[in-house]
Amino acid sequence: MTALKAEVEVHQRIAEIGREAWDLCAAAPDYAANPFVSFDFLNILEESECVSPRAGWAPRHLSARDETGQVIAVMPLYAKSHSQGEYIFDHGWAEAYERAGGRYYPKLVAAAPFSPVTGPRLIVRDGADRDAARSLLLLGGMELCHRLGASGFGVNFPIESEWRFMGEQGMLLRQNQQYHWLNASYAAFDDFLGALSSGRRKTIRRERREAAAGLDIFQLTGADLTESLWDAFFAFYMDTGSRKWGSPYLNRRFFSLLGERMADKVVLIMAARQGRWIAGALNLIGGDCLFGRNWGCVEDVPFLHFELCYYQAIEFAIGRGLARVEAGAQGQHKISRGYLPSPVYSAHFIADPALRAPVARFLEEERRAVEGEMDWLAEEFSPYRKATL
């Protein structure tokens, strides 16, 4: 096993590290080909300027090298001037700290921007000493935090093994929940329905009939992703974004670049009425997972959101033999449609002990509450027949 150099470089553009070096790290087998930490996805965000210092996401990616000079580990890292687009909510910490006279921003965040998706954050090339590389990246993040005068350094939506490792390194651990669908080796959608209670089967069949009435629904990927299709989807995205949080994070150029460079990792599930696109859902395809990301519509159709975002995603995952569907943040209504509570994680280094201590107490109580709520939700509201659990 090649030894690491005890130094970390900081990069203001992912292009400084380069596709080959970055993706050799991201290709480690147990990372399951997560598209949100690929060079192309992160570079597209920078090229489209969705991620930039002006947007409050200043890239500060870290790389570590071995004794031969090869990049052996990387971390997608950003200096943030706000807490938007993270889906790990720390606004209360920021307000309390600033009321007490502190300065919460800038802060550092290791994340896939705008994507509440679990994936590797301490990304180590296969065959390297993983614990040593992870430690080096964490120390690099903490040192950069001090150099920039940042209030802290957070790692959002890491994989569980990273999360536990960061806890062992003294970082504060946070746990939350999403709703994921798990593929029990179903051969078809009807097999999935067969695992549900009879009442839920009937309800889902009715919702699907009503949603699809008078519509044509398509699963589009690869060469099907034309610019006119992206025009239609962007209109849906802007409508939803404007109504939900006022300032959509992604611009039109982002979607063009996504279609140009990652078409085989994208599936758009689109609905048309008499040849006119009226709604769509964007998903990215991982090695073992379909990741649901954005949805929008220009016509209000009952149950169409459930059809495009949940049921069609399940059909696609079954057809591709994918192990699960992650349908994004929030939404207890997903439980009755087969998506059960699943843990998601973050880890936090807070520089000021005066803030660190109360946050540590809060997170300990929050973890217990989240774990209890997950168990209760799964027990009380699961749509699956008890015999299958």
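The values are calculated or read from the model by the stated rules, or taken from the named source; none is laboratory data. What you see is a predicted model, and the numbers here were worked out from it, not measured in a lab. Neighbour counts are summed over all protein chains in view; Cβ atoms, including those assigned to glycine, are modelled from backbone coordinates with ideal geometry. Just so you know, the surface numbers come from the protein's heavy atoms only, side chains and all, with ligands and any DNA or RNA stripped out. Shrake-Rupley method; radii C 1.70, N 1.55, O 1.52, S 1.80 Å.
Send over the Kirkwood Rh of region 338-389, from the inverse of the averaged 1/r over different Cα pairs, rounded to one decimal Å. Present the calculation step by step, with values, prior to reporting the outcome.
Working: mean 1/r = 0.0747 Å⁻¹.
Final number for the Kirkwood radius of region 338-389 is 13.4 Å.
Summing -39500 (n - 2.57) over the DSSP H runs of n ≥ 4 in the chain and dividing by its residue number, what mean residue ellipticity at 222 nm do you reach, to the nearest 500 deg cm²/dmol? The partial results should precede the final answer.
Details: 11 runs with 141 residues, N = 389.
Result for the chain: -11500 deg cm²/dmol, rounded to the nearest 500.
Report the FRET efficiency, 1/(1 + (r/R0)^6), for L148 and E380, where r is their Cβ-Cβ distance and R0 is 45 Å, rounded to 0.05.
Numbers: r = 46 Å, r/R0 = 1.02.
For L148 and E380, the calculated efficiency is 0.50.
By average Cβ neighbour count within 10 Å, what is the ranking of 190-198, 55-63 from highest down?
So the order, starting with the most tightly packed, is 55-63, 190-198.
Per residue, how big is the convex hull of region 218-347 when only Cα atoms are used? Give it in Å³. Each step should come with its number before you reach the end.
Values: hull volume 17.3 nm³, N = 130.
Cα-based convex hull of region 218-347, divided per residue, equals 133 Å³.
In whole percent, what relative contact order does the chain give with Cα contacts below 8 Å and a gap of six or more residues?
Worked out over the chain, it gives 20 percent.
How long is the gain from Q330 to E95 if the chain were fully straight, where each residue apart is worth 0.36 nm and the alpha carbon distance is subtracted?
Contour length minus Cα-Cα distance gives 82.3 nm.
Can you tell which of S83, S256, S185 shows the greatest fluctuation in a Gaussian network model of the chain with Cα springs below 10 Å?
With Cα springs under 10 Å in the chain, the top fluctuation among S83, S256, S185 is at S185.
Given a Förster radius of 22 Å and the C-beta distance between E227 and V298 as r, what FRET efficiency does 1/(1 + (r/R0)^6) yield to the nearest 0.05?
Efficiency, from the Cβ-Cβ distance: 0.75.
Filter K202/K386; K265/K334; K107/K265 down to the pairs with a C-alpha to C-alpha distance above 22 Å, please.
The pairs that break the limit, which is 22 Å between Cα atoms, are K265/K334; K107/K265.
At 1.4 Å probe radius, can you tell me the per residue accessible area of the chain in Å²? Display every interim value, and only then the final one.
Numbers: 16480 Å² over 389 residues.
Ligands and nucleic acids excluded, the figure is 42 Å² per residue.
How big, on average over all directions, is the shadow cast by the Cα convex hull of region 146-292, in nm²? Please report the intermediate quantities before stating the final value.
On the way: hull surface 54.5 nm².
Its Cα hull, projected and averaged over all orientations, spans 13.6 nm².
In nm, give the distance between the simple-model label positions of D264 and R13, each being 7 Å from the Cα along the Cα-to-Cβ direction.
2.7
Pop the C-beta distance of A357 and F218 into the FRET formula with R0 = 45 Å and round what comes out to the nearest 0.05.
Working: r = 54 Å, r/R0 = 1.19.
Step by step, r from the Cβ atoms, then E = 0.25.
Subtracting the Cα-Cα distance from 0.36 nm times the residue separation, let me have the gained length for R320 to Q84 in nm, one decimal.
81.6 nm
Compute the length gained on full extension between R252 and E364: take 0.36 nm times their separation in residues and subtract their Cα-Cα distance, giving the result in nm to one decimal. Please report the intermediate quantities before stating the final value.
Working: separation 112, 0.36 × 112 = 40.32 nm, distance 4.10 nm.
Extra length available between R252 and E364 comes to 36.2 nm.
Tally up the carbon and sulfur contribution to the accessible surface of the chain as a whole percent, 1.4 Å probe, everything protein left in place. All intermediate terms of the calculation are to be shown ahead of the outcome.
Working: 8150 of 16480 Å².
Roughly 49 percent, rounded to a whole number.
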